[in-house]
1. Quick test of your reading of the structure: Gly191 fulfils all but one of (1) in contact with a helix residue (DSSP H, G or I) (Cβ under 8 Å, 6 or more places away or on another chain); (2) over 30 Å from Ile70 (Cα atoms); (3) open to solvent by 50 Å² or more (accessible area, probe 1.4 Å). Name the failing condition by number.
2. List the pairs whose first member sits in the range 148-159 and is under 13 Å from Gly197 (Cβ atoms), whose second member is open to solvent by less than 40 Å² (accessible area, probe 1.4 Å) and among the small types (Gly, Ala, Ser), and whose Cβ atoms are under 8 Å apart, counting only residues at least 6 apart or on separate chains?
3. Answer yes if at least one residue in the range 126-143 is without any contact (Cβ under 8 Å) to a residue 60 or more places away in the chain, over 17 Å from Pro106 (Cα atoms) and surrounded by fewer than 16 Cβ atoms within 10 Å (Cβ to Cβ), and no otherwise.
4. Within the group Ala74, Ala78, Ala159, which residue is touching a Leu at 6+ places or on another chain (Cβ under 6 Å), within 26 Å of Ala41 (Cβ to Cβ) and either at pLDDT 85 or above or open to solvent by 50 Å² or more (accessible area, probe 1.4 Å) (or both)?
5. Quick check on the range 174-185: of everything there that is part of a helix (DSSP H, G or I) and without any contact (Cβ under 8 Å) to a residue 12 or more places away in the chain, which residue is least open to solvent (accessible area, probe 1.4 Å)?
6. Mind checking which residues of the range 162-173 are closer than 19 Å to Glu198 by Cβ and either open to solvent by 70 Å² or more (accessible area, probe 1.4 Å) or among the β-branched types (Val, Ile, Thr) (or both)?
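The values are calculated or read from the model by the stated rules, or taken from the named source; none is laboratory data. Just so it is clear, the structure is predicted and the values come from calculations on it, not from any experiment. Here Cβ is always computed from backbone atoms with ideal geometry, including for glycine, and neighbour counts include all displayed protein chains. What goes into the accessible areas is simple: the full protein's heavy atoms, side chains included, and nothing from ligands, DNA or RNA. Shrake-Rupley method; radii C 1.70, N 1.55, O 1.52, S 1.80 Å.
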Amino acid sequence: HGRIRATRSPRARESLTELIPNLLASLSRAPDPDSAFAEFARFAESLPAGVQIFSTLGSKPQLLDLLVEIFSLAPRLARVLTERPELLDSLIDPEFLSPTGDEPAPDGELAENLSHTKTLEAGLDQVRVFARELQFRTALRTLKGDLEPVRAARAFSMAADCSIRALLALAQVEISRRHGRIAAGEFVVVGLGKLGGEEMTASSD
């Protein structure tokens, strides 16, 4: 009825109406349909606009089923999608969930993203977004059975390692700008606990 942002336009309401039969069919196959529906409702209420997403879900039944699976089996991932609906774009990428071996740390990709930032705050935001996407990808692949727990723990730890390396570089630049450098001075980052043992999980900070 247009009470939420995602359904304010007539086209968005039409797209959602067209999606409803497939959505209900997919929800009916979920272990807990009512809970999955409630998560979908929260997700829809978080969207700034609905036409593109509703149309995409309507044309890609496998994506809709994956979304319902997340809403039904992984409340933590569902909350991440609700907070950051733009992550849905990643799920559309066919490479996102393709089976892989142990992946190399994506330092180069993060460095490329950071090369376009001009302030420390922008850099921190970029690292935060990048880390969350890595965590989401790892958690989703674990849910799908592509990663067993030991490999998933290494992947979560890799995301933290990569983020720490990037943040250390940002911190060194900022500290040097403010205070100069100490001759022959160095930084050392010591990873303890689950980070040091490469045993991090989806709930690790």
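1. (3)
2. Phe156/Ser204
3. no
4. On the way: Ala78 fails: touching a Leu at 6+ places or on another chain (Cβ under 6 Å); Ala159 fails: within 26 Å of Ala41 (Cβ to Cβ).
Every option except Ala74 fails the conditions.
5. Step one: filter the range 174-185 for residues part of a helix (DSSP H, G or I), giving 174-179.
After this cut, where a residue has to be without any contact (Cβ under 8 Å) to a residue 12 or more places away in the chain as well, the list is 175-179.
Details: Ile175: 71, Ser176: 35, Arg177: 162, Arg178: 156, His179: 146 Å².
Filtering first and then ranking leaves Ser176.
6. Looking only at the range 162-173, we keep the residues that are closer than 19 Å to Glu198 by Cβ, and these are 162-168.
Within the range 162-173, Ile164, Arg165 meet the criteria.
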